Amino acid sequence: MLSTDLRANVLVVRVEEKRIDASKAPSFKDEMARCIDAGQNQIVLDLSQVDFIDSSGLGALVSCLKRLGPRGSLAVAGATGAVSRLFTLTRMDRVFALHPNVDSAVEQLSA
């Protein structure tokens with residue numbers, strides 16, 4: 001479900017699924033928790049392949065942010081269409097740093 005790449009001490013996590021919904025959210029949350037527990041605290045979540053997120057998926061994202069706590073940052077990159085609108089409608093665009101692409105998110109987190 002996820003692939004990772006380390007760039008400038010920032011972990012880029014690419015979601016390799018079209019949807020983060022009730023059936024996928026638990027495994028997404030578990031995989032992200034493993035990354036965070038392994039000591040990664042600057043994370044860019046690449047959602048460019050994701051077409052749909054439901055409330056379970058959004059809850060999993062919030063859970064990851066809480067798990068990082070004050071010791072880290074989680075930025076979202078590449079959210080488009082319905083996913084981007086969901087962040088705006090739920091006001092999660094005020095909670096997560098949204099970036100148009102991975103490069104801009106990595107640049108901001110590594111600065």
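Does region 67-89 hold any residues that are open to solvent by less than 30 Å² (accessible area, probe 1.4 Å) and of a type in the set (A, V, I, L, M, F, W, C), and which are they?
Within region 67-89, Leu68, Leu74, Ala75, Val76, Ala77, Ala79, Val83, Phe87 meet the criteria.
Would you check if Ala79 is among the aliphatic types (A, V, I, L, M), at pLDDT below 95 and under 20 Å from Glu107 (Cα atoms)?
No, not satisfied.
Quick test for you: out of Asp5, Asp51, pick the one residue that is closer than 17 Å to Ser84 by Cβ and surrounded by fewer than 16 Cβ atoms within 10 Å (Cβ to Cβ).
The conditions single out Asp51.
Restricting to region 27-40, what's the tally of residues that are crowded, with 17+ Cβ neighbours inside 10 Å and more than 17 Å from Met1 (Cα to Cα)?
1
What about Asp46, is it of a type in the set (Asp, Glu), in contact with a Gly (Cβ under 7 Å, 6 or more places away or on another chain) and either crowded, with 19+ Cβ neighbours inside 10 Å or closer than 18 Å to Val15 by Cα (or both)?
Considered against the rule, which asks whether it is of a type in the set (Asp, Glu), in contact with a Gly (Cβ under 7 Å, 6 or more places away or on another chain) and either crowded, with 19+ Cβ neighbours inside 10 Å or closer than 18 Å to Val15 by Cα (or both), Asp46 comes out as yes.
Any idea which of (1) open to solvent by 60 Å² or more (accessible area, probe 1.4 Å); (2) under 15 Å from Ala25 (Cβ atoms); (3) in contact (Cβ under 8 Å) with a residue 24 or more places away in the chain is the one Val95 doesn't satisfy?
Result: Val95 passes all but (2).
The values are calculated or read from the model by the stated rules, or taken from the named source; none is laboratory data. What you see is a predicted model; the values in this text were computed from it and never measured. Note that we place each Cβ from the backbone using ideal geometry, even for glycine, and neighbour counts take in every protein chain shown. Each accessible area value is taken on the protein alone, full model and side chains, heavy atoms only, with ligands, DNA and RNA left out. Shrake-Rupley method; radii C 1.70, N 1.55, O 1.52, S 1.80 Å.
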